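Everything below concerns the one structure shown next.
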Amino acid sequence: MNLQPFCFPVAERQVAVDDAESPNILLQDPSTHLASDYKAIVREDTNEVISIVRNSYNIVTNSDLIDQLLRQLATCGQSFKIDPSHSFVSNARMRLQITFPELRLRDRESDIALSAFIHNSYDQSEGIRFYFGAIRAICSNGMVFGTVLSKYYSRHTKGFSFEDLGEKLAEARTYFPEIQERITRLEQLRVDEQLVENVSDKISKRLAEACIAEEEIGRITQWRLLNRLTNKISHEMEPHLQARYQENVSKVFAL
């Protein structure tokens, strides 16, 4: 996967405003004045303004984040691949998926390889996020193990580090029996009306209606419903929306 699109240059610029309450323009008009509390994050190669942020915001660039991540991955002792299936980048945000093909779970039909998802933003929509999930080989469905596995989160004002990545991978492996047991359990449990209601309320009513018919309630397994949901999310939703829905699936199905 080509990571160059993720690594565009960004810079901080002073912000000139015509209203101290609403910093919103980059001008050198003498009638304006500099906003001491704010700065602009600008994409240098195109000169596009990405966001206006407070001066306390510390940029962590995608390129620095990816460089540190790859350095740690190279020494973690596990084979990995940069996975494009659930990765995306825009001026404001990025999500990068790393898949570990040898760290596998399994359901009755497919291997399920452990993945890590890394998020960053330049518009304060989120800080750096690192969490574990998986990719189902048979259909490239992405899922998140947010309920079972620990998460790493860093706000831009506090810095970040991936120095313990190897330890996090080792910790994740210790939870594999618990996750495998949960998958096996979901393959046995039938969908009931309460689960459908939870999917509708906590994930999406539209997805609930698209993924299960009324006559199927009580007949199909919870794992089959989960995979229908993750298939829709993985293959029909815009990439920047996938993470939120995957996390909600994790909560509803206790994964």
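Laboratory data are not the source of any read-out in this text; all were calculated from the coordinates shown. Remember, it's a predicted structure, so these values are computed and weren't measured experimentally. Cβ coordinates were reconstructed from backbone atoms using ideal geometry, including for glycine residues, and neighbour counts include every protein chain displayed.
Residues whose amide H lies under 5 Å from that of residue 220, counting only those 5 or more places away or on a different chain, are 191; hydrogens are built 1.01 Å from N in the peptide plane. With the cut-off at 23 Å, tell me which of the pairs 168/251; 81/251; 81/202; 168/205 have Cα atoms farther apart than that. In this structure, 81/251; 81/202; 168/205 lie more than 23 Å apart at Cα. Between helix 239-252 and the chain there is an angle of about 50 degrees, using the helix long axis and the longest principal axis of the Cα atoms. Against the main long axis of the alpha-carbon atoms of the chain, helix 176-188 sits at an angle near 60°. Between the helical axis of 165-174 and the dominant principal axis of the chain, each derived from Cα atoms, what acute angle in degrees is found, rounded to the nearest 10? The angle comes out at about 20 degrees.
Between the entries (i) 6, 27, 35, 23, 8, 1; (ii) 7, 27, 29, 20, 12, 5, 1, 0; (iii) 7, 30, 39, 21, 3, the label attached to P(r) over Cα pairs in 10 Å bins from 0, in percent calculated for this structure is (ii). Based on Cα contacts under 8 Å between residues 6+ apart, segment 62-175 shows a relative contact order of 20 percent. In terms of its Cα atoms, segment 155-223 spans 51, 32, 16 Å along the principal axes, sorted from long to short. When only the Cβ of Lys, Arg, Asp and Glu is charged (+1, +1, -1, -1), the dipole of the chain relative to its Cα centre reaches about 680 debye.
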